[in-house]
Amino acid sequence: MVMSLGVIEKIIEKIMFASRWLLAPFYFGLIISLIFLLIVFVKEIVHFTLHFNSNETELILFVLTLIVLSFAGNLLIFFIFSGYENFV
């Protein structure tokens, strides 16, 4: 029995559409990474406040560290939401 091209096309479409679920673990991993990044961010703030020094070089490094962590978090959010839009 030979399948028609329409049946083969529908099977391929279903496989391609179902393959989006292969990316779900990646998105969950990115969410977990965002949680770890938040933990590091909070640890940096706690460490700086407990060991406060009026040295302006350390203050600038602290602020830059928070900015870099914030940029990394925003980048993760960007990838999570753009991937989710493609996923849905």
For the subset of region 12-24 comprising residues that are under 20 Å from the mean Cα position of the chain (by Cα) and among the hydrophobic types (A, V, I, L, M, F, W, C), which member is least open to solvent (accessible area, probe 1.4 Å)?
Ala24
Identify the residue in region 41-56 that is within 14 Å of Val68 (Cα to Cα) and among the aliphatic types (A, V, I, L, M) and, among all such residues, is nearest to the chain's Cα centre (by Cα).
Val42
Report the residue count in region 54-87 for those that are open to solvent by 70 Å² or more (accessible area, probe 1.4 Å) and touching a helix residue (DSSP H, G or I) at 6+ places or on another chain (Cβ under 9 Å).
5
Taking the residues in region 25-40 that are of a type in the set (A, V, I, L, M, F, W, C) and open to solvent by less than 90 Å² (accessible area, probe 1.4 Å) as candidates, determine which candidate is nearest to the chain's Cα centre (by Cα).
Leu30
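The values are calculated or read from the model by the stated rules, or taken from the named source; none is laboratory data. Since the model is a prediction, treat every value here as computed from it, not as a measurement. With ideal geometry, Cβ positions are generated from the backbone for all residues, glycine too; neighbour counts draw on all protein chains shown. Each accessible area value is taken on the protein alone, full model and side chains, heavy atoms only, with ligands, DNA and RNA left out. Shrake-Rupley method; radii C 1.70, N 1.55, O 1.52, S 1.80 Å.
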